[in-house]
Amino acid sequence: MGNVPTSVKHCLSYEQLIQDYPWLGSRLQEEKCTLTREYPEYVKMIEVGPRDGLQNEKEMVPTRVKIQLINMLSETGLPVIEATSFVSSKWVPQMADHTEVLQAIHRSSHARYPVLTPNMHGFQDAVAAGATEVAVFGSASETFSQKNINCSIDASMLRFEEVICTAKQQQIPVRGYVSCALGCPYEGPIEPTKVAEVVKRLYELGCYEVSLGDTIGVGTPGSMAKMLHYVMKEVPSSALAVHCHNTYGQALANILTALQMGICAVDSSVAGLGGCPYSQGASGNVSTEDVLYMLHVMGIKTGVDLSKVIEAGDFICKALNRKTNSKVAQARSKSS
Amino acid sequence: MAAVMRFVKRSCFGSRMGLQCLSLSRSAAVAQLVQDGASAGKTLPERVKIVEVGPRDGLQNEKTVVPSEVKIHLIDMLSEAGLSVIEATSFVSPKWVPQMADQVEVMMGIHRRPGVSYPVLTPNLKGFLAAVNAGAAEVAIFGAASELFSKKNINCSVDESLQRFEVVTKAAKEAGVPVRGYVSCVLGCPYEGKVSPDKVAQVAKRLYSMGCYEISLGDTIGVGTPGGMTEMLQAVSREVPVNALAVHCHDTYGQALANILIALQMGISVVDSSVAGLGGCPYAQGASGNVATEDVVYMLHGLGIQTGVDLPKLMDAGAFICRSLNKKTSSKVAQATCKL
């Protein structure tokens with residue numbers, strides 16, 4: 001219904017606005033100073049689309065598509081791109097091409113490419129394939145741990161300890177994930193003290209960062225703040241990240257809360273790839289584009305080019321023959 | 001901590017978890033912790049009034065005319081869901097907004113629940129008189145913080161529009177009819193781009209001085225983010241008391257709930273929203289518009305904030321209107337709970 005002039009693009013891109021109206025710079029500098037008193041100056045974006053996103057696809061995604069997606073994401077300035085997963089292809093057939101993907105991607109010197117390694121076997125395969133960073137996945141819920149990886153939280157920690165020790169010897173950094181940080185599909189609400197306990201264990205085992213996952217997206221700013229309050233008693237905020245799902249539309253509000261509490265690392269997925277496996281048809285991961293929009297217009301730096309992320313999102317949505325979950329991408333495509 | 005578990009009969013596994021997690025989080029002990037922690041040091045209101053704009057702002061954007069009986073049934077279901085303010089219709093000329101041509105029939109046909117208010121839009125004196133004649137007990141007027149938007153939308157400057165509204169507010173005062181004011185483009189304009197917070201404050205102040213009991217600040221194209229929302233509210237609250245302010249956030253760029261959270265942290269306790277997220281963005285075809293009431297209520301309840309709204313009944317109203325319009329809900333909460 002009519003073209004939206006470039007003036008709207010100024011609302012979308014802080015950089016574009018300053019470029020076109022240099023006199024606004026000093027005025028807006030005041031705004032940024034007011035804001036950055038409360039928020040981090042820089043937020044590290046961890047892109048999980050190629051792994052967490054694509055892993056949920058029912059149809060097998062061709063290896064060349066995965067590789068091209070990761071290459072496009074590397075061009076955007078994203079500092080961390082989770083490339084693949086070295087789990088058994090019996091459990092996650094979508095990631096069976098892990099070695100091929102890792103070896104074929106063009107690795108930017110500005111980015112890191114962690115891969116999931118659930119155990120020693122996966123870790124060794126990952127290193128053999130050239131991985132330089134790995135990730136391990138714990139849970140704050142016993143039932144979820146049993147159902148997802150077939151063992152208790154304690155038993156999983158023993159497994160991870162082995163991986164982390166070996167990784168340390170080889171100077172390979174390890175990132176930890178804790179799922180069900182704000183609720184479990186089996187147990188319901190999870191006590192924040194339990195989340196804090198699991199996070200602390202992963203951190204003390206040697207994970208340089210622990211990502212707190214709202215696996216079914218049920219969290220709200222209230223439960224996010226409460227959980228972070230307990231977790232931050234045990235682990236410094238500089239070693240924490242949030243991984244919010246948008247299943248109930250709460251992700252950006254939850255991320256905002258996390259930023260207000262000092263968190264400055266956020267996981268997200270291009271085009272919001274990755275549904276919620278516990279609620280068929282519902283959305284899952286928060287869209288990288290929507291997070292970037294919020295951060296950039298707030299004056300928070302990420303080093304990421306939003307337009308290029310939108311392009312990568314367009315590419316993968318065409319390849320998967322589906323619509324993007326990103327509101328920003330939807331608005332941009334309809335208004336131009 | 002004691003909690004009341006409410007099991008909602010929905011087929012989806014994950015959905016039960018969402019509503020269960022919500023129920024537990026509302027227990028008193030948690031609510032206090034949540035209040036203290038949720039806002040990272042900022043106090044949140046204990047209660048938020050939701051202003052439901054679906055039947056007017058939402059349906060107004062539909063291309064095909066929605067039958068009057070559907071509109072009436074929707075409003076009745078929303079009344080049953082516990083909403084205390086439901087914008088029922090609009091007394092603008094049917095020449096401009098054919099969707100609202102059945103304004104009188106709708107006003108007369110709805111079952112008005114005691115304690116619930118059903119404001120209607122009245123752009124001028126003629127509309128106001130027609131509204132009162134049809135039984136309206138509250139009206140609303142719509143200003144803009146952008147000159148270009150005012151010209152394109154209602155064919156006059158901001159000043160001229162305010163003069164027109166003053167005629168309405170005078171008449172309303174004499175008739176004892178409360179008036180709610182709206183300001184559009186508070187965080188950005190589709191024609192002018194960035195809008196000055198001082199301009200927004202000026203327009204809000206004039207509407208308030210004219211007698212509007214509440215001013216709803218609309219992010220018309222949904223471009224706002226927490227930074228802009230903070231700055232704008234700081235400017236406006238210097239001119240209008242914060243308890244007379246509301247926010248009307250569009251979710252076109254997915255920012256609505258984050259913006260609403262900021263507004264709550266700054267003392268705002270009135271939020272406009274639209275059931276099922278009805279109402280697209282006319283400036284970006286196919287893009288979403290109004291924030292979904294279900295998603296707002298989910299967040300508020302999770303924060304331990306009271307709204308008086310029964311979320312399952314609200315979702316039923318959303319499901320009804322989506323079936324009638326043959327379209328999918330824009331509410332994530334509703335999507336997470338739908339049967340497949």
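Just so it is clear, none of the values below were taken in a lab; they were calculated from the coordinates. In this text the structure is predicted, and so the values were computed from the model without any measurement. Here Cβ is always computed from backbone atoms with ideal geometry, including for glycine, and neighbour counts include all displayed protein chains.
Structure notes:
- Legend: distances between Cα atoms for A:K194/B:K49; A:K90/A:K233; A:K168/A:K301; A:K168/A:K233; pairs beyond 29 Å are A:K194/B:K49; A:K90/A:K233; A:K168/A:K301.
- For the pair A:K147 and A:K168 in one chain, pulling the backbone fully straight at 0.36 nm per residue adds 4.7 nm over the alpha carbon distance.
- Relative to the longest principal axis of the Cα atoms of chain B, the long axis of helix B:68-80 makes an angle of roughly 50 degrees.
- At q = 0.22, 0.24 Å⁻¹, base-10 log of I(q)/I(0) for the stretch B:167-263 (Debye sum, equal scatterers on each alpha carbon): -1.04, -1.18
- DSSP bridge pairs, chain A: antiparallel proportion in percent, nearest 5: 5 percent
- Counting every other Cβ atom within 10 Å of each residue's Cβ, B:D272, B:D198 order from fewest to most as B:D198, B:D272.
- For chain B, averaging the sequence separation of C-alpha pairs within contact (under 8 Å, six or more residues apart) and dividing by the residue count gives a relative contact order of 21 percent.
- Förster radius 41 Å - calculated FRET efficiency between A:K318 and B:C156, Cβ distance, rounded to 0.05: 0.35
- Orientation-averaged projected area, Cα convex hull of the stretch B:98-163 (nm²): 5.4 nm²
- Projected label distance in nm at B:T43 and B:Y213, using a 7 Å step from Cα toward the beta-carbon: 2.4 nm
- R0 of 51 Å, Cβ-Cβ distance A:M120-B:R112: FRET efficiency to nearest 0.05: 0.15
- Start at zero, step by 5 Å, and the Cα-Cα distances of the stretch A:211-256 spread as 5, 24, 34, 23, 11, 3 percent across the bins.
- Relative compactness, the stretch A:167-262, computed as alpha-carbon Rg over 2.2 N^0.38 Å: 1.04
- As a length-normalised measure over Cα pairs under 8 Å and 6 or more apart, the relative contact order of chain A settles at 19 percent.
- Counting only other chain Cβ atoms within 10 Å of each residue's Cβ, the peptide B:180-190 averages 2.
- Cα long-axis angle, helix B:28-38 against chain B (0 to 90 degrees, to the nearest 10): 60 degrees
- Taking the stretch A:252-269 and a reference point 7 angstrom along Cα→Cβ of A:E41, the backbone N atoms nearer than 19 Å belong to A:259-266.
- Here is the size of the stretch A:79-217 from its Cα atoms: Rg then Dmax, 14.8, 42 Å.
- Convex hull volume of chain B per residue (C-alpha atoms, cubic angstrom): 125 Å³
- Rg over Rh, two decimals, the protein assembly as shown (C-alpha only, Kirkwood Rh): 0.98
- For the set B:K63/B:K151; A:K323/B:K71; B:K194/B:K327, the pairs lying more than 26 angstrom apart at their alpha carbons are A:K323/B:K71; B:K194/B:K327.
- Bridges between two residues of the protein assembly as shown, per DSSP, are antiparallel at a rate of about 5%.
- Ellipsoid semi-axes for the stretch A:76-134, based on the Cα gyration tensor and the rule √(5λ), read 20, 11, 10 Å when sorted largest first.
- Exposure proxy ranking, count of Cβ atoms within 10 Å, fewest first, for A:M120, A:M157: A:M120, A:M157
- The mean sequence distance of close C-alpha pairs (under 8 Å, at least 6 residues apart), as a share of the length of the stretch B:173-243, puts its relative contact order at 43 percent.
- Chain A: mean projected area of Cα convex hull, nm²: 16.8 nm²
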